[in-house]
Amino acid sequence: SQQGEEDPQALSIQEGENATMNCSYKTSINNLQWYRQNSGRGLVHLILIRSNEREKHSGRLRVTLDTSKKSSSLLITASRAADTASYFCATDGDNNAGNMLTFGGGTRLMVKP
Amino acid sequence: DTEVTQTPKHLVMGMTNKKSLKCEQHMGHRAMYWYKQKAKKPPELMFVYSYEKLSINESVPSRFSPECPNSSLLNLHLHALQPEDSALYLCASSQEGSWGFYNEQFFGPGTRLTVL
């Protein structure tokens, strides 16, 4: 079953613009992760934010987490054509070990050169 | 070595065939996972192995049978599959972090399975 919903489902921007993707989830979490997937390939971990954190940065990525609203956002700044991919949020829900991830529906990002 | 490998990359099988998918990691991770992903959908968790023991089975049909021969290897045995089982099968592994929680998962490239 899908724990998270992502918004928008698809996003098309020009190179150099910023891209923002949102994720909402339903149950309490230990952490929330964002992954990237190029077409038909495996997922690549981007960033993990713990439930007691509100914001985290990694290079051109900025993730926020609002546990009161059960939502997170991923911001990619100064996008590049190579950022074209699907982006998924993943939560560990009620699983105490945190090793049972449930993925959101994903946002398909296209960055036009 | 920070890689999870999966073989084969592509597999076509009939409904009466028996085949196996293989996954290997040498990062010392003690949790390994199988996911199923249909086109334009998110990955869905199938099985979790923790310290070589099956810890989570997400109500997967018995025609899928996982096996963890050792801490580096994970297999998925397939038998009497249906055409709707055609999908990308992803393997992943993760390390137990502080406080006993698991951290990010490292994914393999997947096996594209087609059932005729």
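Throughout, read-outs are computed from the coordinates displayed, never taken from laboratory work. Everything numeric in this text was worked out from a predicted model, so none of it was measured. Note that we place each Cβ from the backbone using ideal geometry, even for glycine, and neighbour counts take in every protein chain shown.
Quick rundown of the values:
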quantity	calculated
Fluctuation leader among B:86, B:59, B:50 - chain B, Gaussian network, Cα springs under 10 angstrom	B:59
Inter-centroid distance (Cα atoms) of segment B:49-116 relative to segment A:36-56, Å	20
Among A:43, A:101, A:90 - extreme Cα towards positive end, dipole of chain A, charges at beta-carbon	A:43
Nearest-0.05 FRET efficiency for residue A:5 and residue A:38, computed from C-beta distance (R0 30 Å)	0.85
Average silhouette area of segment B:1-86, convex hull of alpha-carbon atoms, in square nanometres	5.9
Computed over the protein assembly as shown, Kirkwood Rh from alpha-carbon pairs, angstrom	18.1
Local net charge near residue A:48, Cβ-Cβ under 12 Å (Lys/Arg +1, Asp/Glu -1)	-1
Over chain A: Rg over Rh, Cα atoms, Kirkwood Rh	0.96
Rg to Rh, two decimals, where segment A:16-63 supplies the alpha carbon set and Rh follows Kirkwood	0.98
Estimated inter-spin distance, residue A:18 and residue B:79, nm [label 7 Å along Cα→Cβ]	5.5
Listed residues B:42, B:66, B:83, most fluctuating in chain B (Gaussian network, C-alpha, under 10 Å)	B:42
Stokes-Einstein D in µm²/s, Kirkwood radius over Cα pairs - segment B:57-115 at 4 °C with 1.567 mPa s viscosity	96
Estimated inter-spin distance, residue B:51 and residue A:110, nm [label 7 Å along Cα→Cβ]	4.9
